[in-house]
Structures are given as C-alpha cells and as structure tokens.
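Some notes on the structure that comes next.
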Amino acid sequence: MAEILMRVSLGFVILLVLIRIIGNKQLGQLNVFTYISGIVVGSMLGDIILHSDIEFWSSILGVVLWVALAICVEFVSLKSIKFRELFDGQPIILIKKGEIIYSALKKERLNVDDLTMMLRTNNVFSVSEIDYAILEPNGDLSVLKKQTNAKYMPTMLISEGRVITKNLEELGLDKSWLWDALDGLKIKSKEEVLYAEIQEDGRIYVQKG
C-alpha cells in the first residue's frame, strides 16, 4: 500500500509540472511536440503506477528527464523565432484571392474534398465566397471572406522585432514601404516593435515592445 501511494503521489506531482509547462493553452492550440510529450509522459506514468514490476526510481528519472527536455524546448521556442517555427510550423495559404493553391494542398497532403470539408466547418459552402483560407500550425483553417472594400488581408509584418519578409512579399510590399510606414509613426527601428500588422485599408497597426 505504501509503495502504491508513493507511486501515485509522485506521478501526480510530475503530471502537475507538465500541465504547468503547457500553461493555459487549449488542446487545439498545442503544437505537435507538446501534444506528443503529454501522451508519452502519461503513458510512462501509467506504467509506473500500475506495474509494480517496473523499477520505480529509474522510471521516474526517465520521466523527469523527458519533462526537463520539454521545458527546454518550450523555453528556447519563446526565445527563438526560428526554433519556434521549426517545432510549431508555419501557416500555409490554401486559398489566395479566391483561388485554390493546389501545390499547397499537395504539400500538406490534403485533397480538395478535405479542403471543402474544413470550409464547411467554418460555415463556408462556396470557394467563391473566400478571399483567403489559411491552414494554421495546429490544423485549424482560418477563413477570410471576400470584402468589397478590403485592400489587404490583415497580416503580421513584424513579430518581436523581426520582419516577416515572406508576408511582405505575399502582399506585394517591400521593406522600403515598411520603413516608410514605421517612420510615419516615429518609429526608428524594427527592434522597437513587438507586433505590427497591415490592416484591411492598408494602414499599419503597431505595438511597441
């Protein structure tokens, strides 16, 4: 009985630590690494608790090491945008200005039926209604319907002081345009910016860091 109590108690504490790592993210917001880590740790703890023939302290050490690695990955992801993109992935445009990007579908191993099903879950029943559809890293599909007075799709241009060159190019803009827009807001350096996005009317929204 004492051994069972010890196994359950330590397993419970380790599980709480993992929950704190995940933070307030909902299940649909987890990246693949964090989601799989939760499954792995849960499986390891289940075996430790239920199977008394498993060597206890060696198994606990294995769980602790796994959780420590998960903490390291989360920490580095917070500090490095490139590392974050490696583990979280990037949004993929599947529909652009009302046209399906078939090469993007193939890259994500999706077919047209998959796409139309995802659109229906967003209450969209015709591709002709859509300006942009973007597959998010967590698997959700974000949809922007066509608007007659919209010049641009609201898009992030700067994240934590780093210019998202790919997004600028997608919008047909360049860094010279961005520098002029920032200068008009009396911002002298991209490092001053926590977040910047272009709005539908072409204006730029900026939050300083």
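The values are calculated or read from the model by the stated rules, or taken from the named source; none is laboratory data. All values reported here derive from a predicted model rather than from experimental measurement. Glycine also receives a Cβ, built like all others from the backbone with ideal geometry; neighbour counts cover every protein chain displayed.
Values as computed for the structure displayed
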{"quantity": "Sole exception among (1) assigned to a loop (DSSP other than H, G, I, E, B); (2) surrounded by fewer than 16 Cβ atoms within 10 Å (Cβ to Cβ); (3) in contact (Cβ under 8 Å) with a residue 40 or more places away in the chain; (4) not hydrophobic (A, V, I, L, M, F, W, C) for ASN138, by number", "calculated": "(2)"}
{"quantity": "Some residue of segment 188-205 being farther than 17 Å from ILE81 by Cα, surrounded by fewer than 16 Cβ atoms within 10 Å (Cβ to Cβ) and of a type in the set (A, V, I, L, M, F, W, C)", "calculated": "no"}
{"quantity": "Residue list for segment 188-209, filter: closer than 12 Å to ILE158 by Cβ and either in a loop (DSSP other than H, G, I, E, B) or of a type in the set (S, T, N, Q) (or both)", "calculated": "SER189, GLN207, GLY209"}
{"quantity": "Residue count, segment 153-187 (criterion: surrounded by fewer than 17 Cβ atoms within 10 Å (Cβ to Cβ) and part of a loop (DSSP other than H, G, I, E, B))", "calculated": "8"}
{"quantity": "Residue check, ILE60 buried (at least 17 other Cβ atoms within 10 Å of the Cβ), modelled with pLDDT under 90 and either touching an Asp or Glu at 6+ places or on another chain (Cβ under 9 Å) or among the β-branched types (Val, Ile, Thr) (or both)", "calculated": "yes"}
{"quantity": "Helices (runs of 4 or more DSSP H) (entirely within segment 33-131) containing at least 2 residues that are in contact (Cβ under 8 Å) with a residue 40 or more places away in the chain and in contact with a helix residue (DSSP H, G or I) (Cβ under 9 Å, 6 or more places away or on another chain)", "calculated": "56-79, 81-88"}
{"quantity": "Candidates ALA133, ALA104, ALA150 - the one that is over 22 Å from the mean Cα position of the chain (by Cα) and surrounded by 15 or more Cβ atoms within 10 Å (Cβ to Cβ)", "calculated": "ALA150"}
{"quantity": "Enumeration of residues in segment 119-141 that are touching a Leu at 6+ places or on another chain (Cβ under 8 Å) and closer than 18 Å to GLN90 by Cβ", "calculated": "TYR132, ALA133, ILE134, LEU135, ASN138, LEU141"}
